[in-house]
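The values are calculated or read from the model by the stated rules, or taken from the named source; none is laboratory data. Keep in mind it's a predicted model, so treat the numbers as computed, not measured. Backbone-built Cβ (ideal geometry, glycine too); neighbour counts: all protein chains shown.
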Amino acid sequence: MPSYPSFAALQKNEVLGVDYRIRVRRGLSGIAIMAIHGGGIEPGTTEVADAVAGQWHTFYTFSGLKPSGNAGLHISSRKFDEPVGRFIAQNSRTVVTIHGCRDESLATYVGGRHAAMKKAIRAALASAGFTATDARRFPGINPKNICNRGRLGMGVQLEIPIAMRKLLFEDISRLYRKRGRPCFSAYVRAVQLGINRSCPTHPPWGQSGHPRLFPV
């Protein structure tokens, strides 16, 4: 897959609001749910991340908007340095990233350095009737991976194959991705349950209880 080496390199060739978009919704849990290859880059990942975040977790997406060729907007997880996304990751307790791979498998690959959360998400998905497995091809254990750049130094990376993403939506195309099938809600609830079971849910903002404002 073609990939930009940095956000600065991407900015030189792509136009914000035309070729790509950044969306943020602040939550109070201290956990960030991020889709750094959203929109047309890895279709369906923005919608999954948005739903998993809900109103409690912070939501971030970097989304490709091009009619075609969105794969060219890819910045690898280890090199992802878009300033807002980087700030959110560094100021969150932990990060869960939602990715899409090209496999025709129906298994969700669960990677990252947060062992307890990985185990909880796999168990919750399995209990809901979904297949989840260790991400041997996509381990997500490098400390530079955006999912591991939170304050704990460990997070989770979910790789959802294209076959699975097609099952979650009535149509994976750009116009209809917001129409999730019944299994979409079940999938999202399972991921949320795994996150909540493995990480304290009180906001880690100190005595004031107020979150930091993100620069957007």
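For segment 170-195, a residue qualifies if it is modelled with pLDDT of 85 or more and either of a type in the set (Val, Ile, Thr) or buried (at least 17 other Cβ atoms within 10 Å of the Cβ) (or both), and the qualifying residues are Phe184, Tyr187, Val188, Ala190, Val191, Gln192, Leu193, Gly194, Ile195.
At pLDDT 95 or above, farther than 27 Å from Ala190 by Cβ, out of contact with any Cys (no Cβ under 8 Å at 6 or more places or on another chain) and not in a strand (DSSP E or B): is that true of Phe87 in this structure?
Considered against the rule, which asks whether it is at pLDDT 95 or above, farther than 27 Å from Ala190 by Cβ, out of contact with any Cys (no Cβ under 8 Å at 6 or more places or on another chain) and not in a strand (DSSP E or B), Phe87 comes out as yes.
Scanning segment 35-58 for residues that are under 26 Å from Pro5 (Cβ atoms) and outside any helix (DSSP H, G or I) yields Ala35, Ile36, His37, Gly38, Gly39, Gly40, Ile41, Glu42, Pro43, Gly44.
Give Arg78, Arg21 a once-over and let me know the one that is modelled with pLDDT of 95 or more, surrounded by fewer than 18 Cβ atoms within 10 Å (Cβ to Cβ) and within 23 Å of Gly180 (Cα to Cα). Write out each step before concluding.
Details: Arg78 fails: within 23 Å of Gly180 (Cα to Cα).
After applying the criteria, what remains is Arg21.
Across segment 100-115, a minimum of one residue is classified as under 25 Å from Ser185 (Cα atoms), touching a residue at least 60 places away in the same chain (Cβ under 8 Å) and buried (at least 24 other Cβ atoms within 10 Å of the Cβ).
Counting only residues that are out of contact with any Cys (no Cβ under 9 Å at 6 or more places or on another chain), of a type in the set (Gly, Ala, Ser) and either closer than 21 Å to Ile162 by Cα or part of a helix (DSSP H, G or I) (or both), how many does segment 90-114 have? Step through it out loud before you land on a result.
Residues of segment 90-114 that are out of contact with any Cys (no Cβ under 9 Å at 6 or more places or on another chain), as a first pass: 90-92, 98-108, 110.
Checking which are of a type in the set (Gly, Ala, Ser) leaves us with 92, 100, 105, 107.
Checking the rest, the ones that are also either closer than 21 Å to Ile162 by Cα or part of a helix (DSSP H, G or I) (or both) come to 100, 105, 107.
The number of residues fulfilling the criteria is 3.
Taking the conditions (1) surrounded by 19 or more Cβ atoms within 10 Å (Cβ to Cβ); (2) free of Cβ contacts under 8 Å to residues at least 12 places away in the same chain in turn, Val15 satisfies each one other than (1). On the stretch given as segment 120-143, residues that are part of a loop (DSSP other than H, G, I, E, B), on the phi < 0 side of the Ramachandran plot, surrounded by fewer than 14 Cβ atoms within 10 Å (Cβ to Cβ) and over 17 Å from the mean Cα position of the chain (by Cα) total 2.
Residues in segment 56-75 that are crowded, with 20+ Cβ neighbours inside 10 Å, farther than 21 Å from Asn91 by Cα and without any contact (Cβ under 8 Å) to a residue 40 or more places away in the chain: Asn70 only. Applying the condition of being part of a loop (DSSP other than H, G, I, E, B) and touching a helix residue (DSSP H, G or I) at 6+ places or on another chain (Cβ under 8 Å) to segment 152-176 and asking which residue is farthest from Ala115 (Cα to Cα) yields Ile172. Of (1) out of contact with any Cys (no Cβ under 8 Å at 6 or more places or on another chain); (2) of a type in the set (A, V, I, L, M); (3) assigned to a helix (DSSP H, G or I), Met117 satisfies all except one. Which? Here Met117 clears every test but (1). Scanning segment 131-149 for residues that are among the hydrophobic types (A, V, I, L, M, F, W, C) and modelled with pLDDT under 90 yields Ala135, Phe138.
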